[in-house]
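Beneath this line is the structure, given in structure tokens, with notes to follow.
The values are calculated or read from the model by the stated rules, or taken from the named source; none is laboratory data. Keep in mind it's a predicted model, so treat the numbers as computed, not measured. Ideal geometry is used to build each Cβ from the backbone, glycine not excepted, and the neighbour counts take in all protein chains shown.
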Amino acid sequence: MEKAVEVVVVAVVTFLCFFFTFVGLVIGRSDFSVAEFNLHRRLNSEGLCSQLIQPAGYPCSEHITQTKDGYILGLQRVSSRSGDIEVNPGPPILLQHGLFQGGDAWFLNSEEQSLGFILADQGFDVWVGNVRGTRWSHGHISLSENDKEFWDWSWQELALNDLTEMINYIYSITNSKMYFVGHSQGTIMALAAFARTDIVDKVDAAALLCPISYLGHISAQFVLRAVGTHLDQMILAMGIHQLNFRSDIGVHLINSICDGHIDCNDLLTSLTGKNCCFNNSHVDFYLEYEPHPSSSKNLNHLFQMIRKGKFAMYDYGWWGNLKQYGVFQPPAFDLSSIPSSLPIWMGYGGNDALADVTDLEQTVNELESKPELLYLESYGHIDFVLSVEAREDVYNHMIDFFRSWGKSSSS
Ligand SMILES: *[C@@H]1O[C@H](CO)[C@@H](O)[C@H](O)[C@H]1NC(C)=O
């Protein structure tokens, strides 16, 4: 009996904390108390441009596009404080955020530290992607967020529907091939979409931060416990389809679990690996924006990958697969079908417990092209977006890589 209770407690803890890096971040503070956190949402009626980007002095416009399965996605276009995007457009570059994050993630530090602002200052035509379900996207043509069908997707749909739609949209406006930057889930979206669709023809070069395709060697302990206890299936069986950490229940549970029951100080480390370079005084600000919701099915798909060590489509079980795919096993994504002509750059960290180095080596080996690699021993999973040193450590190298591939080949 006691054992069973323990399993449930571990499961709930893991559910709340896995991927929820921003609460984990806060948990690292000594004066931890969820009640104090500024977890209220910013007003939904305002867009990302008017909340975060224009106030910093950058021209920014809101764009909307619709996926083939009816989701209405929001994109933002950001340009330098001095240049005029209409007169002298730089090469387009799409920034694709990770799991439980939104397009705001690229703008949460200062103008000198945040990738979105840095690229705009460098003359790039910056496009900010936002996947379905996040606050900067705009729902669905017929489904409401309260419908369970609204949350019936995983990163597979984010790759094959959302990313392809965003790239097509940007191409239709700029009439130019673009650069791509993804972080974490943003990289799995890119690798899956580039492997299976011709969208890669519209991409000049891709930079992948904390690349994920194989997940068989994840070392984050809490994640492994959650996988072992089949937490993902439990959540779905409970009828929970949306994962939203801002719900009252979520906040209360985190509060009670961390209040003396376990050492929350180590949680973030056990979840993402030790992040070297956060600005702890900036955490309240991050929490005004992050985290964003995702779907339980998405977590389920990621856990399937951890269990099986495969980079494959969602597994519906034998009969479900037969119905969906016409075969008993979900089809794998074949990394070797990404054209070798696509230049790829990867940044990865020695302290990243999610994008493990062994898994990354498998990804690199299966690609036809030979990616340029930047390894940072001290970096954890979130440092690649929020480190206060990322400009020097990461972004300058990435921009050199893009520049080395010349101007975007406008047609
Ligand atoms: C950290 O954040 C605080 C509060 O927003 C800010 O005043 C400070 O300049 C930041 N420090 C660094 C190193 O960026």
With criteria (1) out of contact with any Gly (no Cβ under 6 Å at 6 or more places or on another chain); (2) buried (at least 20 other Cβ atoms within 10 Å of the Cβ); (3) farther than 24 Å from Arg196 by Cα; (4) among the hydroxyl-bearing types (Ser, Thr, Tyr), Ser404 comes up short on (2)
- Message: Given the criteria polar (S, T, N, Q), over 17 Å from Ser341 (Cα atoms), crowded, with 23+ Cβ neighbours inside 10 Å and at pLDDT 95 or above, does Thr164 qualify?
- Response: no
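Look through Gly90, Gly74 and report the one residue that is in contact with a helix residue (DSSP H, G or I) (Cβ under 8 Å, 6 or more places away or on another chain) and crowded, with 18+ Cβ neighbours inside 10 Å. Even if it seems obvious, please write down each step before you answer.
On the way: Gly90 fails: in contact with a helix residue (DSSP H, G or I) (Cβ under 8 Å, 6 or more places away or on another chain).
Selected residue: Gly74, the only one of Gly90, Gly74 that is in contact with a helix residue (DSSP H, G or I) (Cβ under 8 Å, 6 or more places away or on another chain) and crowded, with 18+ Cβ neighbours inside 10 Å.
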| request: Answer yes or no as to whether Leu95 is within 22 Å of the chain's Cα centre (by Cα), touching a residue at least 12 places away in the same chain (Cβ under 8 Å) and over 23 Å from Asp152 (Cβ atoms). | output: yes
Restricted to segment 118-144 and to residues being surrounded by fewer than 24 Cβ atoms within 10 Å (Cβ to Cβ) and either basic (Lys, Arg) or under 16 Å from Pro59 (Cα atoms) (or both), the residue nearest to the ligand (Cβ to nearest atom) is Ile118
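Quick one: in segment 210-229, of everything that is among the aliphatic types (A, V, I, L, M) and in a loop (DSSP other than H, G, I, E, B), which residue is surrounded by the most Cβ atoms within 10 Å (Cβ to Cβ)?
In the first step, residues of segment 210-229 are kept if they are among the aliphatic types (A, V, I, L, M); the result is 212, 215, 218, 220, 223-224, 226-227.
If we keep only those that are in a loop (DSSP other than H, G, I, E, B) too, we end up with 212, 215, 218, 220.
On the way: Ile212: 31, Leu215: 23, Ile218: 22, Ala220: 23.
Only one residue fits best here, namely Ile212.
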Those residues of segment 230-250 that are in a loop (DSSP other than H, G, I, E, B), of a type in the set (Gly, Ala, Ser) and modelled with pLDDT of 85 or more come to a total of 1
Gln113 vs (1) within 16 Å of the ligand (Cβ to nearest atom); (2) buried (at least 23 other Cβ atoms within 10 Å of the Cβ); (3) farther than 13 Å from Ser137 by Cβ: all pass except (2)
Those residues of segment 344-355 which are surrounded by fewer than 23 Cβ atoms within 10 Å (Cβ to Cβ) and among the β-branched types (Val, Ile, Thr) amount to none
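Among the residues of segment 157-166, are any at negative phi, among the hydroxyl-bearing types (Ser, Thr, Tyr) and assigned to a helix (DSSP H, G or I)?
Residues of segment 157-166 at negative phi: 157-166.
Those left that are additionally among the hydroxyl-bearing types (Ser, Thr, Tyr): 164.
Narrowing further to those that are assigned to a helix (DSSP H, G or I): 164.
Looking through segment 157-166, at least one residue is at negative phi, among the hydroxyl-bearing types (Ser, Thr, Tyr) and assigned to a helix (DSSP H, G or I).
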Only one of His282, His301 is surrounded by 15 or more Cβ atoms within 10 Å (Cβ to Cβ), under 18 Å from Gln185 (Cα atoms) and not hydroxyl-bearing (Ser, Thr, Tyr), namely His301
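Among the candidates Tyr348, Tyr375, which residue alone is touching a Cys at 6+ places or on another chain (Cβ under 7 Å) and modelled with pLDDT of 95 or more? Steps first, please.
On the way: Tyr375 fails: touching a Cys at 6+ places or on another chain (Cβ under 7 Å).
Criteria check complete, one pass: Tyr348.
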Among helices (runs of 4 or more DSSP H) entirely within segment 298-389, at least 2 residues that are not hydrophobic (A, V, I, L, M, F, W, C) occur in 318-325, 357-366
Note on segment 356-390: residues within 16 Å of the ligand (Cβ to nearest atom) and surrounded by 19 or more Cβ atoms within 10 Å (Cβ to Cβ) are Ile382, Asp383, Val385, Leu386, Ser387, Ala390
If we keep only residues of segment 190-209 that are outside any helix (DSSP H, G or I) and among the small types (Gly, Ala, Ser), then the residue nearest to the chain's Cα centre (by Cα) is Ala207
Given (1) of a type in the set (D, E, K, R); (2) in a loop (DSSP other than H, G, I, E, B); (3) closer than 22 Å to His381 by Cβ, Arg132 misses just (3)
